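Student: Okay, here's the structure, questions in a sec.
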Amino acid sequence: MFKMSFLNLLRRKSRTVLALLGIMIGVAALLVLVGLVEGINALALDAVGGMQGVYVMQDGATDDSLSIVNLSDKSKLEAIQGVKVVTPTILGVPQTVDGKRNSMSGGIPVSVIGTDPGQVSNSLLATAMQNLKEGRMLRSGDEGVVLISTKLSDDRKKHVNSTIKINDYSFKVIGIVEVTSDFYSNVIVLPIEDARKVLDFEEGKVNSFFVVPADPANVDKIDKIIDFKYPDDFDAYSAQETAALTGDILDSLRAMTLVIALISSIVAGIGVMNTMLMSVMERYSEIGVLKAVGWTNNNVMQMILLESMFLGVLGGIAGIVFGILVGELIGIASGLYPLMTPMLISEVFIFAISVSVFAGAYPAFRASRLEPIDALREGQGD
Amino acid sequence: MVKKGKVKKEERKPIIEVRKIKKTYLLGETKVHALRGVSLNVYPGELIIILGPSGSGKSTLLHQMGALDIPTEGKVLVDGLDITQMDSWNLSMLRRKKMGFIFQSFNLIPTLDAVENVHIPLLPTNVSEVAAHRRAMHLLKEVGIEDRAHHKPNQLSGGERQRVSIARALINDPEIIFADEPTGNLDSKTGEKVLEIIRKLNEEEGKTFVIVTHDASLVEFADRVFIIRDGLIEEENLGGKNGHAYKSESVELNKRKRKK
């Protein structure tokens, strides 16, 4: 019966191909979207996973770029017992780099992170930027100089002593750093006051603080003290909490991909159902003969469900191959690679088969309930 | 194989009993009385011919006897069991185990080759693929087209296709085979060959046949011939099988009509 079902699909090749396309696109879209969300998730975890400090933002801010705190509040944090150093951060995405528009269309845009030049190793960036490839780190008192990531150095052909123009200001590259997280792959690090100038950031304000405890074991304790002591000023996050926060944002992204998955599965399902209904209607007389020669309702149903399942298997495989290709292309174009684990791929595959079998259920039911005589009468004269 | 002795009808148990069946169906708004009270028995080993013009209800009668349809009124007993009381599963099983069908338009599956078409009835059973294939090949040999076993229906002539469908009807070793105009789509020469196969199956293997046709030349092979008109049996005559000379006014009329 396997062979028979399979051959039945080959009768109307273009119709089968169209149904397969529906499944394929649905599967690929699902794979790429979920893969992207998981990719972002993995990047975020890489970036904050080893953070040895407390990240302090404005109370109620959901994202560090939306948080604004007073620079003068730095002393409040420094006054907490057990705190070694507090580093302010200003970050943003400049409009132009070297005169070129810096937008999403060119992949992940270049971001600018300004921090205390003497405390880079005690900043948010400390865990992500440990290896200097060329030149030197920022130092206290530096001005007009920047560190760039290796990817930026490769992409823009910049070396130590090259000049890089951010918005309307020119800077000299003094060091190239290897970053351990792709989250920071396109990043320019510069002294905080230079960042303020470039991004036109309000005087006396910064985005966030990074609080480093004298004893790394005290991270959670200091996190709690800040939240407890300044509930109206700050929200403090440890590495784990930051990951959780990122997770919240990703959860809403996941919900969105679920909606898209639902829509694409309905579309694919309708394609399969239409194909199978047409195919059943064309074969009334054949199905009648099968029943006449002793096939039961269930046998007929099985045959049609098998055909739907084949559609799901073929469409699923095509969709996975197509999805992986699209994912690679997105990765090459933007630098953000969708994370497609074998688990995700097998889930998507099972999903494709389930949708197809489900969509084939009604046509299969219709076919199985055909009376042999009605089916035979339909097919008179072929 | 076993030649049936001259047992009187009354002592034999009928394989099919049709009792006063009526079949009415709706064609658009009009009620069509396809069968208006038909009774007949079919005994094992018989070759029955149901003769009648188109629209006489002969195909409808065959469908009721072959458990392909359920009469509006009356009963059809197969081996003493009333098919009007059976559910669709039991009807399928009955057809699978006891019956074979040959259709005018062959009704082969176009994607499968001849031998695969023959073993279609065995696909949902426990019979292994190998055994089914072997038996299908044997049957194709019996109907004389084993060399065409791996041809698709569209590569076969009409006569060859009908022989494939005869082999398909035989695959489950049925007791009774129903044929609806088996020669209807064939030229007279190929038709004769097909009839010869049917005759051999009946006489040498003792298969019971019920054949519906408007071709009066088939009566030579028949045990009994029923002439049906307007949903009623008009005549029952002995066929030409055992040396009887078949006689019927209406059939003579039919023959003359055909010659014109």
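Student: Suppose each label sits 7 Å from its Cα in the direction of the beta carbon; what would the A:ALA61-A:GLU193 distance come out to in nanometres?
Tutor: Simple spin-label model gives 2.1 nm for this pair.
Student: I need the Kirkwood Rh of segment A:331-372: take the reciprocal of the average 1/r across all distinct C-alpha pairs and report it in angstrom. All intermediate terms of the calculation are to be shown ahead of the outcome.
Tutor: Details: mean 1/r = 0.0754 Å⁻¹.
Here the Kirkwood hydrodynamic radius works out to 13.3 Å.
Student: Tell me the angle of helix B:129-142 to the major Cα principal axis of chain B, expressed in degrees between 0 and 90 and rounded to the nearest ten.
Tutor: Between the helix axis and the principal axis of chain B, the angle is about 60 degrees.
Student: Residues of segment A:324-344 with backbone nitrogen within less than 19 Å of a virtual label 7 Å along the Cα-to-Cβ line of A:SER162, please, listed as ranges.
Tutor: A:334-335
Student: OK, next. Mind checking which aspartates and glutamates have their C-alpha under 18 Å from B:LYS13, skipping anything on the same chain fewer than 8 residues away?
Tutor: Leaving aside aspartates and glutamates fewer than 8 places away in the same chain, those within reach of B:LYS13 are B:GLU46, B:ASP79, B:ASP82, B:GLU175, B:ASP223.
Student: Here's a follow-up. Which whole-Hz couplings ³J(HN,Hα) result when phi for each residue of segment B:198-203 is put into the Karplus expression 6.51 cos²θ - 1.76 cosθ + 1.60, θ = phi - 60°, listed in order with x for Gly and Pro?
Tutor: 4, 4, 5, 4, 6, 7
Student: If you don't mind, there's one more thing I want to ask. Using modelled backbone amide H atoms (1.01 Å from N, in-plane), which distant-in-sequence or interchain residues come within less than 5 Å of A:ILE166's amide H?
Tutor: Hits under the 5 Å cutoff: A:ASP98, A:PHE171.
Student: Let me ask you something else. Once the convex hull of the C-alpha atoms of the protein assembly as shown is built, how many Å³ does it hold per residue, rounded to a whole number?
Tutor: For the protein assembly as shown, the hull spanned by Cα atoms encloses 238 Å³ per residue.
Student: Also, quick follow-up: If we count every other residue with Cβ under 15 angstrom of A:VAL32's Cβ, Lys/Arg +1 and Asp/Glu -1, where does the sum land?
Tutor: Here the count lands on -2.
Student: Stokes-Einstein D for segment A:144-249 at 4 °C, 1.567 mPa s, Kirkwood Rh over Cα pairs, in µm²/s?
Tutor: It comes out at roughly 79 µm²/s.
Student: Right, next: Greater than 20 Å separation of Cα atoms is the criterion. Which listed pairs, A:LYS84/A:LYS197; A:LYS100/A:LYS151; A:LYS151/A:LYS197; B:LYS58/B:LYS97, meet it?
Tutor: Among A:LYS84/A:LYS197; A:LYS100/A:LYS151; A:LYS151/A:LYS197; B:LYS58/B:LYS97, the Cα-Cα distance tops 20 Å for A:LYS84/A:LYS197; A:LYS151/A:LYS197; B:LYS58/B:LYS97.
Student: What is the order of B:LYS200, A:LYS291, A:LYS221, fewest Cβ neighbours within 10 Å to most? Mind dumping the intermediate values first?
Tutor: Values: B:LYS200 13, A:LYS291 27, A:LYS221 16.
Neighbour counts put them in this order, fewest first: B:LYS200, A:LYS221, A:LYS291.
Student: First select every other residue whose beta carbon is under 15 angstrom from the beta carbon of A:LYS3; then total the charges, Lys and Arg +1, Asp and Glu -1.
Tutor: Here the charged neighbours net out to -2.
Student: Continuing with this model, one more query. Tell me the angle of helix A:297-334 to the major Cα principal axis of chain A, expressed in degrees between 0 and 90 and rounded to the nearest ten.
Tutor: 30
Student: Which far-off residues, 5 or more places away or on another chain, put their amide H under 5 Å from the one on B:LYS241, with H placed in the peptide plane?
Tutor: Distant-sequence amide H within range of B:LYS241: B:ALA222.
Student: Based on the Cβ-Cβ distance from A:LEU7 to A:ASP155, what FRET efficiency comes out when R0 is 35 Å, to the nearest 0.05?
Tutor: 0.10
Student: State the Cα centre-to-centre distance between segment A:139-158 and segment B:69-97 in whole Å.
Tutor: 88
Student: When DSSP assigns beta bridges and you keep just the ones with both residues in the protein assembly as shown, what percent turn out antiparallel, to the nearest 5?
Tutor: Looking only at bridges with both residues in the protein assembly as shown, the antiparallel portion is about 65 percent.
Student: Let me ask another. List, in order, the whole-Hz ³J(HN,Hα) value for each residue of segment B:153-168 obtained from phi through the Karplus relation with A = 6.51, B = -1.76, C = 1.60 and θ = phi - 60°; use x for Gly and Pro.
Tutor: Using θ = phi - 60°, the values come out as x, 6, 9, 10, 6, x, x, 5, 4, 5, 5, 4, 6, 5, 4, 4 Hz.
Student: Within 10 Å of each Cβ of B:120-126, how many other protein chain Cβ atoms are there on average? Show your work: numbers first, answer last.
Tutor: Values: counts 8, 6, 2, 11, 11, 3, 0.
Shielding by partners across B:120-126 averages 6.
Student: Separation between the A:ASP232 and B:GLN155 pseudo-spin-labels, each 7 Å from Cα along Cα→Cβ, expressed in nm?
Tutor: Distance between label points: 9.0 nm.
Student: Give me the mean projected area, in nm² to one decimal, of the convex hull enclosing the Cα positions of chain A.
Tutor: 24.0
Student: A further question follows. Under 5 Å between amide hydrogens, which residues at least 5 positions from A:ASP59 or on another chain qualify, with H placed 1.01 Å from N in the peptide plane?
Tutor: Under 5 Å from the amide H of A:ASP59 lie the amide H atoms of A:PHE234, A:ASP235, each far enough along the sequence or on another chain.
Student: While we're here: Treating cross-link reach as a plain straight distance, find the aspartates and glutamates whose alpha-carbon is under 19 Å from the alpha-carbon of B:LYS141, omitting any fewer than eight places away in the same chain.
Tutor: Hits, sequence-local ones excluded: B:ASP113, B:GLU116, B:GLU129, B:GLU160, B:ASP173, B:GLU192, B:GLU196, B:GLU203, B:GLU204, B:GLU205.
Student: I need the Debye-formula profile for segment A:52-237: one equal scatterer per C-alpha, no solvent, reported as log10 I(q)/I(0) at q = 0.14 1/Å, two decimals.
Tutor: -0.75
Student: With every atom except the alpha carbons ignored, what do you get for Rg and Dmax of segment A:232-353, in angstroms?
Tutor: Just the Cα atoms of segment A:232-353 yield Rg and Dmax of 22.3, 81 Å.
Student: Also, I was wondering about something else. How large is ³J(HN,Hα), in whole Hz, for each residue of segment B:96-105 in order, when computed from phi with the Karplus curve 6.51 cos²θ - 1.76 cosθ + 1.60 and θ = phi - 60°, using x for Gly and Pro?
Tutor: Once rounded to whole Hz, the list reads 5, 8, 10, 10, x, 10, 10, 10, 4, 9.
Student: Per Stokes-Einstein, at 10 °C and 1.306 mPa s, what whole-number D in µm² s⁻¹ belongs to segment B:12-259, with the Kirkwood radius over Cα pairs as the hydrodynamic radius?
Tutor: Working: Rh = 18.6 Å.
Approximately 85 µm²/s, per Stokes-Einstein.
Student: Cβ under 15 Å from A:LYS84's Cβ, A:LYS84 left aside: what net charge do those residues give with Lys, Arg +1 and Asp, Glu -1? Display every interim value, and only then the final one.
Tutor: Numbers: positive: A:LYS74, A:LYS221; negative: A:GLU78, A:ASP116, A:ASP215, A:ASP223.
Net of charged neighbours comes to -2.
Student: What ranking of A:VAL27, A:VAL198, A:VAL85 emerges when the number of other C-beta atoms within 10 Å of each C-beta is taken as an exposure proxy, fewest first?
Tutor: With the fewest neighbours first, A:VAL27, A:VAL198, A:VAL85 line up as A:VAL85, A:VAL198, A:VAL27.
Student: Measuring from centroid to centroid over Cα atoms, what is the spacing of segment A:278-345 and segment A:188-202 in Å?
Tutor: Segment A:278-345 and segment A:188-202 have Cα centres separated by 54 Å.
Here, each number is a calculation from the coordinates, and none is a lab measurement. Note that the structure is predicted; figures quoted are calculated from it, not measured. Don't worry about glycine lacking a Cβ; one is built from the backbone with ideal geometry, like all the others, and counts go over all protein chains shown.
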